[in-house]
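Take a look at the structure set out below.
The values are calculated or read from the model by the stated rules, or taken from the named source; none is laboratory data. Nothing here was measured: the structure is a model prediction, and the numbers come from that model. As a convention, Cβ positions derive from the backbone with ideal geometry for all residues, glycine included, and neighbour counts pool all protein chains shown. Areas reflect the complete protein model, heavy atoms only, side chains present, ligands, DNA and RNA absent. Shrake-Rupley method; radii C 1.70, N 1.55, O 1.52, S 1.80 Å.
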Amino acid sequence: TPLTMPTGKALQDDINNDLWTASTIALSWAGGDPEIREGVLRLVSTIPGVTVANSTTDGQPTLTITVGPALFGDGSDQVLTVNARTGIPISSVESGGGLPAAVETNQVSRVTLAGIEAGKF
């Protein structure tokens with residue numbers, strides 16, 4: 001039996017979920033690029049239920065981007081914290097949906113070719 005294409009709210013929910021996922025990936029890959037960061041923030045602002053708040057993490061200015069259960073349809077939510085200056089994700093916490101919380105933390109550092117050759121990375 002062929003699958004039926006979603007329509008109406010179900011289609012919009014699928015689009016919003018894909019947009020959220022692509023946005024978090026874009027920040028992970030290229031959040032340091034101001035144009036990428038601006039584009040992502042503009043895109044996620046179009047998703048119902050997404051909030052962006054100024055915050056501080058380890059003394060650094062951050063943005064806390066939260067999306068509620070309406071986006072995922074299973075009662076879960078996600079909180080993405082990004083460095084407000086660089087746009088690089090610091091952490092992501094997914095919770096709800098009957099599963100234990102999933103926590104991802106990121107640490108970015110610069111390396112040099114000489115450092116890699118010396119085994120320092």
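One entry in (1) 1.07; (2) 0.94; (3) 1.02 is Rg/Rh (Cα atoms, Kirkwood Rh) calculated from the shown coordinates; its label is (1).
Of the candidates Thr56, Thr81, Thr64, which one comes out as most mobile in a Gaussian network treatment of the chain with C-alpha springs shorter than 10 Å? Top of the fluctuation ranking is Thr56. Backbone phi angles across the range 98-109, fed through the Karplus curve with coefficients 6.51, -1.76 and 1.60 (θ = phi - 60°), yield HN-Hα couplings of x, 10, x, 4, 10, 10, 10, 10, 10, 9, 10, 9 Hz in residue order; Gly and Pro are listed as x.
Only Lys, Arg, Asp and Glu carry charge here, each on its Cβ (+1 for the first two, -1 for the last two); on that basis the range 1-63 has a dipole of about 140 debye about its Cα centre.
The angle between the Cα long axis of helix 8-30 and the longest principal axis of the Cα atoms of the chain comes to about 0 degrees, rounded to the nearest 10. A simple charge model with +1 on the Cβ of Lys and Arg, -1 on the Cβ of Asp and Glu and nothing else charged puts the dipole of the chain at about 280 debye relative to its Cα centre.
Between the amide H of Thr62 and those of Ser55, Thr56, Thr57, Ala84, distances stay under 5 Å, these residues lying 5 or more places away or on another chain, with hydrogens modeled in the peptide plane. Between 0 and 90 degrees, the angle of helix 34-44 with respect to the longest Cα principal axis of the chain falls at about 20 degrees. Derived scalar couplings between HN and Hα for the range 79-95 equal 10, 10, 10, 10, 5, 5, 8, 9, x, 6, x, 9, 7, 9, 10, 10, 9 Hz in order, rounded to whole Hz, by the Karplus curve 6.51 cos²θ - 1.76 cosθ + 1.60 (θ = phi - 60°), x for Gly and Pro.
Over the chain, what percent of the accessible surface lies on carbon and sulfur atoms, probe 1.4 Å?
The nonpolar share, carbon plus sulfur, comes to 58 percent.
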